[in-house]
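Accompanying notes for the structure given below.
The values are calculated or read from the model by the stated rules, or taken from the named source; none is laboratory data. In this text the structure is predicted, and so the values were computed from the model without any measurement. Glycine gets a Cβ as well: all are built from the backbone with ideal geometry, and neighbour counts include every protein chain shown. Just so you know, the surface numbers come from the protein's heavy atoms only, side chains and all, with ligands and any DNA or RNA stripped out. Shrake-Rupley method; radii C 1.70, N 1.55, O 1.52, S 1.80 Å.
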Number of protein chains: 4
Amino acid sequence: MHETWTTVVGNAATRPDFWETAAGVAVARFRLAATVRRWDRKSEGWVDAYTSFYTVWTWRTLAANVAASVSLGEPLLVHGTLRVREREKEREREPEKAQQGAGAGASTGAGSGESGPRRWITAEIDAVAVGHDLTRGTSAFRRVSQAKPLSNVPTGATTL
Amino acid sequence: MHETWTTVVGNAATRPDFWETAAGVAVARFRLAATVRRWDRKSEGWVDAYTSFYTVWTWRTLAANVAASVSLGEPLLVHGTLRVREREKEREREPEKAQQGAGAGASTGAGSGESGPRRWITAEIDAVAVGHDLTRGTSAFRRVSQAKPLSNVPTGATTL
Amino acid sequence: MHETWTTVVGNAATRPDFWETAAGVAVARFRLAATVRRWDRKSEGWVDAYTSFYTVWTWRTLAANVAASVSLGEPLLVHGTLRVREREKEREREPEKAQQGAGAGASTGAGSGESGPRRWITAEIDAVAVGHDLTRGTSAFRRVSQAKPLSNVPTGATTL
Amino acid sequence: MHETWTTVVGNAATRPDFWETAAGVAVARFRLAATVRRWDRKSEGWVDAYTSFYTVWTWRTLAANVAASVSLGEPLLVHGTLRVREREKEREREPEKAQQGAGAGASTGAGSGESGPRRWITAEIDAVAVGHDLTRGTSAFRRVSQAKPLSNVPTGATTL
């Protein structure tokens with residue numbers, strides 16, 4: 001079956017974490033908080049209904065530009081494929097995982113105590129485009145020149 | 001900010017669970033498994049990459065028709081708004097919760113042992129449309145007559 | 001850049017037109033009408049706001065099942081990639097075009113008079129999943145057995 | 001039925017055109033070109049497949065920030081509701097239309113000669129969020145302070 005596409009409008013809940021995989025692929029990862037507001041008939045105003053959190057993964061040129069452009073709390077628009085992951089153990093920045101196109105997630109997960117099993121559920125977005133949301137402010141764009149041919153191949157194509 | 005819309009193509013991982021809230025609103029809930037397949041260059045074939053699970057909520061006429069039409073394992077197409085929820089305790093079918101437009105989730109969650117805290121993360125879809133996926137088979141449709149005016153008001157409008 | 005994904009909830013405005021390309025690929029095409037309704041504060045009720053029309057393309061097993069299942073006027077849920085096309089001439093069912101993964105569109109287009117040039121704009125969806133919308137009625141699903149391996153390869157993979 | 005949501009990744013094909021309606025609502029409109037690229041197995045590279053054009057409408061604070069931030073040719077990410085419109089006559093910037101939430105479109109339309117009827121088809125996006133695509137470069141964001149309460153009410157809520 002097909003990838004699940006989605007677009008989330010939210011705010012950066014962490015700074016982007018940037019590194020390179022053992023294979024030399026740039027990765028940037030951050031948490032995105034999306035607070036839904038609904039119209040309240042009684043108060044005739046908008047109220048916060050709930051907040052969802054996502055782990056956003058970016059790759060290659062997009063990763064480098066996200067790391068250079070996104071600060072904590074800034075409003076963002078993220079478009080990509082969604083994945084709900086369950087993992088038994090949490091291993092941060094595990095290189096061979098990251099190379100496989102998804103990496104280890106910054107989990108919001110429901111860890112138990114010391115003795116219990118560690119299982120985590122995260123909602124992750126493998127982003128193909130990210131931008132500052134102009135609903136909240138202005139942005140000055142600067143195109144990045146590409147000395148080498150664009151390598152923004154979709155993750156799936158690379159990893160299989 | 002805005003609702004996060006998504007469309008998931010998958011299979012019913014449970015039968016729909018159907019009930020009415022104390023306020024008389026019909027609800028049907030089921031789990032949806034979405035297995036993403038990717039093209040494997042080496043084997044020149046499609047391989048299963050991973051499976052995401054969602055809890056799908058439907059309401060009113062849609063809930064009644066889902067309960068009457070959907071069987072375990074059937075391929076489905078679900079369109080609605082996405083919410084990633086974290087809850088401390090799990091209380092199934094809690095009526096006053098369900099009335100508030102979201103209800104208690106069938107969690108995939110990562111519960112710990114007896115003594116630990118119970119925290120769950122679920123990815124939930126508040127569906128506005130559900131259909132059998134014709135990629136996998138045929139379907140015979142029968143329109144439901146509506147004695148009373150269509151009350152398929154979006155959840156948000158009702159619950160606030 | 002990336003495909004533009006969308007999901008349209010609407011009604012079949014034509015019966016599906018079904019044929020095979022010269023290469024033996026099954027195709028079904030139909031028009032989809034999507035009428036948006038909005039909440040009218042004054043009348044406290046839902047009113048029709050506008051209708052958009054799309055040409056929906058389906059392929060292979062999905063095409064066969066759409067042709068076998070969808071009747072004029074039935075409510076549908078269509079998920080796929082969107083394309084806004086402008087064409088100079090209209091050539092229906094042109095085989096070599098259809099083989100190339102898009103085919104000749106059933107245009108809503110704005111044709112001029114006899115002497116003028118023929119230019120058409122259509123909004124087309126290359127569907128990966130189609131289903132009857134259970135918001136409007138019930139459906140009985142029957143899985144289609146597959147004697148040969150599933151050949152539901154995305155259009156893009158086939159045509160390039 | 002429901003609005004059709006979509007996200008388009010493309011480039012500004014015109015500068016944003018900015019004005020205020022008679023009712024004092026800020027509007028910015030521009031054309032967006034979305035070129036889809038596909039992987040070509042033969043050449044083992046990405047090739048341009050086709051380009052779709054959209055008319056993007058923005059309102060209020062988003063309109064002001066789009067007008068202040070977006071230049072011709074810049075890469076953008078646009079999220080909103082899609083509408084395929086057919087109109088008999090083209091009247092630019094007609095104030096009472098614009099107040100009604102959609103305005104007069106910058107048409108790509110297929111106009112005929114002098115004597116023929118004027119009919120236009122346009123694909124329009126009523127945007128709720130717009131951002132520079134960080135896949136192509138960096139952006140410096142500056143939050144806009146809001147002296148008056150946020151009036152970014154969805155168009156539908158205002159116009160009905």
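What to note about this one:
- Euclidean distance of C-alpha centroids, the range A:15-36 and the range D:38-58, integer Å: 26
- Size of the A/B contact, given as accessible area buried on both chains, probe 1.4 Å, in Å²: 3800
- Residues of the range B:41-57 with amide N under 16 Å of a point placed 7 Å along Cα→Cβ from B:Val144: B:57
- Coil-residue trypsin sites (Lys or Arg not before Pro) of the range D:1-80, DSSP, other Cβ within 10 Å capped at 12: D:Arg41, D:Lys42
- Each residue of the range D:16-27 is assigned a 3J(HN,Hα), and the resulting list reads x, 9, 10, 7, 10, 6, 4, 7, x, 8, 6, 9 Hz, derived from the Karplus form 6.51 cos²θ - 1.76 cosθ + 1.60 (θ = phi - 60°), x at Gly and Pro.
- Residues with amide H under 5 Å from that of B:Ala129, placed H, sequence gap 5 or more: B:His79
- Take every Cα pair under 8 Å whose residues are at least 6 apart in sequence, average their separation, divide by the length of the range D:1-84, and the relative contact order is 42 percent.
- Projecting 7 Å from Cα along the Cα-to-Cβ direction, the label point of A:Gly45 sits 3.3, 5.8, 6.1 nm from its equivalents in the other copies, listed shortest first.
- Taking a point 7 Å out from the Cα of C:Arg15 in the direction of its Cβ, the residues of the range C:47-71 whose backbone N falls within less than 14 Å of it are C:67-71.
- Around C:Leu77: net Lys/Arg minus Asp/Glu count, Cβ-Cβ under 13 Å: -2
- For the range D:1-92, the list of GluC sites (Glu not before Pro) that fall in a loop by DSSP and count at most 16 other C-beta atoms within 10 angstrom reads D:Glu44, D:Glu88, D:Glu90, D:Glu92.
- Prolate/oblate/rounded call for the range C:3-54, Cα gyration tensor, a/c under 1.5 rounded: prolate
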